[in-house]
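J.: Below are the structure tokens for one structure; questions will follow.
The values are calculated or read from the model by the stated rules, or taken from the named source; none is laboratory data. Keep in mind that what you see is a predicted model, and the values were worked out from it rather than measured. Virtual Cβ from ideal backbone geometry, glycine too; neighbours counted across all protein chains shown. All accessible areas refer to the heavy atoms of the entire protein, side chains included, with ligands and DNA or RNA removed. Shrake-Rupley method; radii C 1.70, N 1.55, O 1.52, S 1.80 Å.
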Amino acid sequence: MASHRKKIVFRDALTGWFRAEGRDYPWRKTRDPYAILVSESMLQQTRIATVLQRGYYSRWMETFPDWGTLARADEAQVLKLWEGLGYYNRARNLQKAAQIVHERFADNLPDDLETVLSLPGVGRYTAGAIMSFAFDQPIPIVDGNVVRVLSRLSAWRDPVDTPPAIRHFWELAETLTCLTEPRLYNSAIMELGQRVCTLASPDCPNCPVKKWCDAQKQGLIPEIPRKKIAPPPTRIDEKVAFVLKNGKILLCPENGNRRKGLWRMPSISEAESADLPELCCFEYSITRYRVTLTVFQPSAGCIVDLAANSGAKWFPFGAYADLPALGSPYRKALEIASNQKEDIR
Ligand code: SF4
């Protein structure tokens, strides 16, 4: 697609399709860079359906409608509202970005790429989203959906997640991004990847850009995009106690920067858990780990020891909304275990 004319026809086909078929998400109805940063932060590791149907985006915007309210908010409230989305550094970075925009720019984020890129948690993709969706500037965006479309359009047979491939896709995105309607074009190419050029069953007959698709012409769609072979996850065991007494649940603060501000069920050792009844067991994944989480019902003596842990605290155990923010595995474990165990009085 070398010539200028071909690119114009390609963009027209794509944006024409999007004008007719594009979905009307809440963040597409605004030019507010704050609202766009919130939506992009939530969508980085989470499906649109989760963010919308489970009310994360609307709740957040009602509680923190602008940079100032988020900048001034208590971190515990920020994490609680993010609870269930995981990757809590996204919420912390969002608040740090809000504090910078509030304090340094009096709630007006400048429309320059360097400033946007300097905000915590804002990488090249998010900066492109803010610059194009909020300020309508021709800055490319490349996410997983866009990579899939571009890798098929350009019949890229090598793995797509290597440094040369990533460079290739950013360069290609830059040459294709529409100079006159970048907001529309970037929304269109993302949505094409999300709804038409899907991984398992691309709808090529109804694709608005099929005539520019080299993978389709060469019969390569089933093998593109390819990814590097990931090493198998490291398996680990985690043992925790469900400590409910007199209507209160015992929780411990998380350690480390990534989970700071969150709470968890108290850990118990292999030896401590040896003779305890098991309440539930399930697996979850985090980064490169596959964790087997087992929840035990502790003995009275064990409860005394666990309650003496530094930072351990009793919380009224009624509605989940009243508990502090918990990592998703512990929330799930609490829900399962609470159905199986009587309160100790
Ligand atoms: Fe994707 Fe098919 Fe369109 Fe090619 S023709 S971009 S594979 S949907």
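J.: Suppose every Lys and Arg Cβ carries +1 and every Asp and Glu Cβ carries -1, with no other charges. What dipole size does the chain come out with about its Cα centre, to the nearest 20 debye?
T.: Numbers: 46 positive and 39 negative charges, 172 e Å.
Magnitude of the dipole: close to 820 debye.
J.: Still on this structure, I have one more. What number does the stretch 249-345 give for Rg over Rh if you use C-alpha atoms and the Kirkwood radius? Spell out each step's value before the answer.
T.: Numbers: Rg = 13.3 Å, Rh = 14.3 Å.
Across the stretch 249-345, the Cα-based Rg/Rh ratio is 0.93.
J.: Then there is this: I'd like the GluC sites (Glu not before Pro) in the stretch 239-345 restricted to DSSP loop residues with at most 11 other Cβ atoms within 10 Å, sorted by number.
T.: On the way: sites: 254, 270, 272, 278, 283, 335, 342; in loops: 254, 342.
Passing sites in the stretch 239-345 are 342.
J.: Roughly what would the spin-label model give for residue 114 and residue 283, points 7 Å off Cα along C-beta, in nm?
T.: Result: 4.9 nm between the two label points.
J.: Would you work out the relative contact order for the stretch 107-219, in percent, from Cα pairs under 8 angstrom that are 6 or more residues apart?
T.: On the way: 129 pairs, mean separation 31.7, N = 113.
After rounding, I find 28 percent.
J.: Leaving out ligands and nucleic acids, note down the accessible area per residue over the chain with a 1.4 angstrom probe, in whole Å².
T.: Details: 17170 Å² over 345 residues.
Counting only protein heavy atoms, the per-residue value for the chain is 50 Å².
J.: Report, in debye and to the nearest 20, how large the dipole of the stretch 103-199 comes out about its Cα centre when Lys and Arg carry +1 and Asp and Glu carry -1 on their Cβ. It would help to have the intermediate numbers written out before the result.
T.: Details: 8 positive and 13 negative charges, 99 e Å.
For this selection, approximately 480 debye.
J.: Pick from 161, 24, 12: which is most flexible by mean-square fluctuation in a GNM of the chain where alpha carbon atoms under 10 Å apart are linked?
T.: Among 161, 24, 12, the largest GNM mean-square fluctuation belongs to 24.
J.: Give, in nm to one decimal, the length gained when the segment between residue 206 and residue 255 is fully stretched (0.36 nm per residue of separation minus the Cα-Cα distance).
T.: Working: separation 49, 0.36 × 49 = 17.64 nm, distance 5.03 nm.
My answer for the length gained is 12.6 nm.
J.: Taking only Cα atoms, what is the 0 to 90° angle, nearest 10, from helix 4-21's long axis to the longest principal axis of the chain?
T.: Here the helix axis deviates by roughly 50 degrees.
J.: Comparing 141, 286, 224, which has the greatest mean-square fluctuation in the GNM of the chain with Cα pairs linked when under 10 Å apart?
T.: Per the Cα network of the chain with a 10 Å cutoff, 286 tops the list.
J.: Then there's this: Could you pull out the pairs from 80/228; 239/260; 248/332; 80/248; 96/228 whose alpha carbons sit more than 27 Å apart here?
T.: On the way: 80/228 36 Å; 239/260 20 Å; 248/332 17 Å; 80/248 19 Å; 96/228 34 Å.
Violating the 27 Å limit, Cα to Cα: 80/228; 96/228.
J.: How big is the shadow of the Cα convex hull of the stretch 200-256, averaged over all directions, in nm²?
T.: On the way: hull surface 39.2 nm².
Directional mean of the projected Cα hull area for the stretch 200-256 stands at 9.8 nm².
J.: Across the Cα atoms of the chain, what radius of gyration and what greatest pairwise Cα-Cα distance (Dmax) are found, in Å?
T.: So, for the chain, Rg and Dmax equal 23.9, 78 Å respectively.
J.: So for the chain: antiparallel DSSP bridges make up what percent, rounded to the nearest 5?
T.: Values: 17 of 28 bridges.
Here the antiparallel bridges make up roughly 60 percent for the chain.
J.: Which aspartates and glutamates, on any chain, are close to residue 217 with Cα under 17 Å apart, when same-chain ones fewer than 8 places away are left out?
T.: 203
J.: Does the stretch 13-57 come out rounded, prolate or oblate, given a ≥ b ≥ c as the square roots of the eigenvalues of its C-alpha gyration tensor, rounded meaning a/c under 1.5 and, failing that, prolate meaning a/b above b/c? Please list the in-between numbers first.
T.: Details: a/c = 2.20, a/b = 1.58, b/c = 1.40.
It is prolate, given that a/c is not under 1.5 and a/b is the larger ratio.
J.: Give me the angle, in degrees from 0 to 90, between the Cα long axis of helix 163-176 and the longest principal axis of the Cα atoms of the chain, rounded to the nearest 10.
T.: Between the helix axis and the principal axis of the chain, the angle is about 50 degrees.
J.: Where does the stretch 1-135 land on Rg/Rh, using Cα atoms and the Kirkwood Rh?
T.: On the way: Rg = 16.4 Å, Rh = 16.0 Å.
Here the Rg-to-Rh quotient is 1.03.
J.: Could I ask something else about it? Measure off, as a whole percent, the carbon and sulfur share of the 1.4 Å-probe accessible area of the stretch 35-194, all protein chains present. Before the final figure, lay out the partial values.
T.: Values: 3260 of 6480 Å².
Percent of accessible area from carbon and sulfur atoms in the stretch 35-194: 50.
J.: By how many degrees, between 0 and 90 and to the nearest 10, does the Cα long axis of helix 182-191 differ from the longest principal axis of the chain?
T.: The angle comes out near 60 degrees.
J.: For the stretch 120-246, what does the equivalent ellipsoid look like in terms of its semi-axes, each the square root of 5 times an eigenvalue of the Cα gyration tensor, given largest first in whole Å?
T.: Numbers: eigenvalues 209, 99, 46 Å².
They are 32, 22, 15 Å, listed largest first.
J.: Please report, largest first and rounded to whole Å, the three semi-axes of the ellipsoid equivalent to the stretch 188-339, where each semi-axis is the square root of five times an eigenvalue of the C-alpha gyration tensor.
T.: Numbers: eigenvalues 437, 63, 35 Å².
So the three semi-axes of the stretch 188-339 are 47, 18, 13 Å.
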